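The block underneath contains the structure these notes are about, expressed in structure tokens.
The values are calculated or read from the model by the stated rules, or taken from the named source; none is laboratory data. All of these numbers come straight from a predicted model, not from anything done at the bench. Cβ atoms come from the backbone with ideal geometry, glycine included; neighbour counts cover every protein chain shown. Just so you know, the surface numbers come from the protein's heavy atoms only, side chains and all, with ligands and any DNA or RNA stripped out. Shrake-Rupley method; radii C 1.70, N 1.55, O 1.52, S 1.80 Å.
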Amino acid sequence: KTMPTYKLSYFPGRGLGEVSRQMLHLSGTPFEDNRITMDDWPKHKESTPFGQMPVLTVDGKQIPQSFAIARYLANQFGFAGKTPLESAWVDALADQYKDYTTEIRPFLMVAYGFGEGDKDKLRKEVAEPAINKLFTILEKKAKENGSNGHFVGSSLTWVDLLVSDHMGILETHVPNAFTAFPTVQDIRKKTTSLPKLKEWIDKRPVTPF
Amino acid sequence: MPAYKFYYFPIRGLGEAPRQIFALAGVEFENIGISDEKWETFQKTETPFGQMPLLEVDGKQIPQSFAICRYIASQHGLAGKTPFEAAWVDALADQYKDFNNDFKKFFYVQLGFEDGDKEEYKKEHGIPARDKFFPLIVKQIKDNGSGLLVGSSATWVDILIAEAVSRIAENVPGFFESYPEIIAHQQKVHSIPQIKKWIEAR
């Protein structure tokens with residue numbers, strides 16, 4: 001059976017598409033990194049299942065929604081935990097992260113330049129509480145998991161990738177955001193220094209988010 | 001069979017879909033309602049994330065409602081029959097979650113949990129959220145061809161959406177008037193014998 005063809009369609013940034021690009025690269029699977037600019041997006045919108053990106057196209061069949069895509073690829077390539085219980089924990093941490101992104105959105109929209117607002121006020125009142133809430137949970141879980149460089153189990157999962165990439169974006173807007181979370185910092189350090197991931201990070205287009 | 005304990009407030013909310021998945025799977029579980037009075041202590045001493053629902057499987061905990069739904073469903077063939085189907089179940093569930101994040105701005109006002117002008121919130125948040133999300137569900141039902149959302153048998157996202165629809169319809173009269181396919185889907189799911197039985201007994 002031949003390998004499926006993969007195309008990941010997303011905007012040129014990292015955002016919701018990056019974790020899936022990373023898994024495709026880490027697995028050594030060739031894929032089309034289909035980056036669609038904001039200007040071109042209206043032309044393509046109607047051809048997507050939900051009028052949104054990212055979309056994964058596998059042998060011509062589309063899958064929408066970033067976490068559905070990430071979980072599909074993680075299951076294909078062994079980044080979803082080694083047991084059903086581990087997979088459930090990867091899912092739980094990813095969904096906790098998703099809840100956090102909803103909470104921190106008012107700050108990030110201003111920080112990314114998509115809206116007007118008092119960045120310092122939002123950092124203090126919106127960003128810092130959201131970060132503390134999520135990262136306290138992540139730090140606890142990382143320690144309970146044995147401080148072994150992973151949030152769940154003993155090998156790389158997509159939640160290690162998801163959180164690590166986000167930390168790289170967040171720290172440019174919230175200095176010293178992770179001082180209180182050393183075990184999480186270790187996970188990020190270990191994850192981003194994986195040779196194959198480092199290879200991707202070094203060659204990917206540089207984008208602020 | 002593992003021992004399942006399911007912890008949530010004694011309301012439907014985020015707990016109802018997991019409970020119905022157990023019911024459809026025919027799996028026994030301890031359905032534990034944590035009252036508001038007990039919650040403060042329970043939250044600090046028992047929960048990994050300070051939140052419910054919480055599932056315990058032979059004493060091992062899983063938080064987060066969708067992780068719980070997917071775990072139970074996957075163990076019992078209710079999460080799609082192929083990886084591609086499972087991805088679509090997940091995608092529809094996450095699209096519902098996005099809808100609910102917008103919709104609840106109106107729904108909480110409608111239910112009286114938050115202050116606001118109900119008609120204004122309905123116009124600003126309720127109707128736009130509905131009209132962005134439910135056409136996608138109608139299309140999915142039509143394209144899928146079985147009257148259900150993915151594949152030929154009920155999956156956890158059918159349960160999730162049917163429960164949301166019934167809860168909304170109960171509290172916002174006429175809300176799905178122009179979405180007969182959505183009401184038909186909800187009725188189809190809720191007439192599945194195991195689910196019908198659960199609803200009658202709750």
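Some points to look at:
- Comparing Cα centroids, segment A:1-68 and segment B:1-23 end up 34 angstrom apart.
- Lysine pairs within segment A:128-209, Cα separation less than 17 Å, 8 or more sequence positions apart or different chains: 8
- Pairwise centroid distance, computed over Cα atoms, of segment B:132-174 with segment B:39-74, Å: 26 Å
- Convex hull volume per residue in cubic angstrom - Cα atoms of segment B:32-109: 125 Å³
- Taking every residue in B:66-76 and counting other chain Cβ atoms within 10 Å of its Cβ, the average works out to 4.
- Evaluated with a Cβ-only charge set (Lys, Arg +1; Asp, Glu -1), segment A:1-153 carries a dipole of roughly 260 debye about its Cα centre, given to the nearest 20.
- Highest-first packing order for the peptide set B:185-192, A:86-93 is A:86-93, B:185-192, based on the mean count of other beta carbon atoms within 10 Å.
- Per-residue average of Cβ from other chains inside 10 Å of B:120-127: 0
- Surface analysis of the protein assembly as shown yields an accessible area of 46 Å² per residue, using protein heavy atoms and a 1.4 Å probe.
- Taking the average, over residues, of other Cβ atoms within 10 Å as the packing measure, peptides A:52-58, A:199-205 rank A:52-58, A:199-205 from highest down.
- Pairs of lysine residues in segment B:47-119 that meet both criteria, 8 or more places apart or on different chains and Cα atoms under 28 Å apart, total 7.
- Residues in segment A:67-81 that, when all protein chains are in place, have 30 Å² or more less accessible area than the chain alone would give (probe 1.4 Å): A:Ala68, A:Arg71, A:Tyr72
- Taking the Cα atoms of chain A, the ratio Rg/Rh between the radius of gyration and the Kirkwood radius comes to 0.96.
- Area hidden from solvent between A and B (accessible, protein heavy atoms only, 1.4 Å, total, Å²): 2500 Å²
- Calculated SAXS-style log₁₀ I(q)/I(0) at q = 0.15, 0.20, 0.26 Å⁻¹ - segment A:107-184, Debye, Cα scatterers: -0.56, -0.88, -1.23
- Cα-Cα separations in the protein assembly as shown greater than 42 Å, expressed as whole percent: 10 percent
- Total charge dipole magnitude, segment B:88-201, about the Cα centre, Cβ charges on Lys, Arg, Asp, Glu only, Debye to nearest 20: 340 debye
- Bridge type composition, segment B:1-91 - antiparallel percent by DSSP, nearest 5: 65 percent
- Only Lys, Arg (+1) and Asp, Glu (-1) charged, at Cβ; the protein assembly as shown dipole about Cα centre in debye: 920 debye
- Divided by 2.2 N^0.38 Å, where N counts the residues, the Cα radius of gyration of chain B comes to 1.03.
- Within the same chain, aspartates and glutamates fewer than 8 places from B:Lys188 are excluded, and of the rest, those with a Cα less than 16 Å from its Cα are B:Asp158, B:Glu163, B:Glu200.
- Taking every DSSP bridge with both residues inside chain B, close to 65 percent are antiparallel.
- Peptide packing: for B:27-38, A:99-110, the average count of neighbouring Cβ atoms within 10 Å per residue gives the ranking A:99-110, B:27-38, highest mean first.
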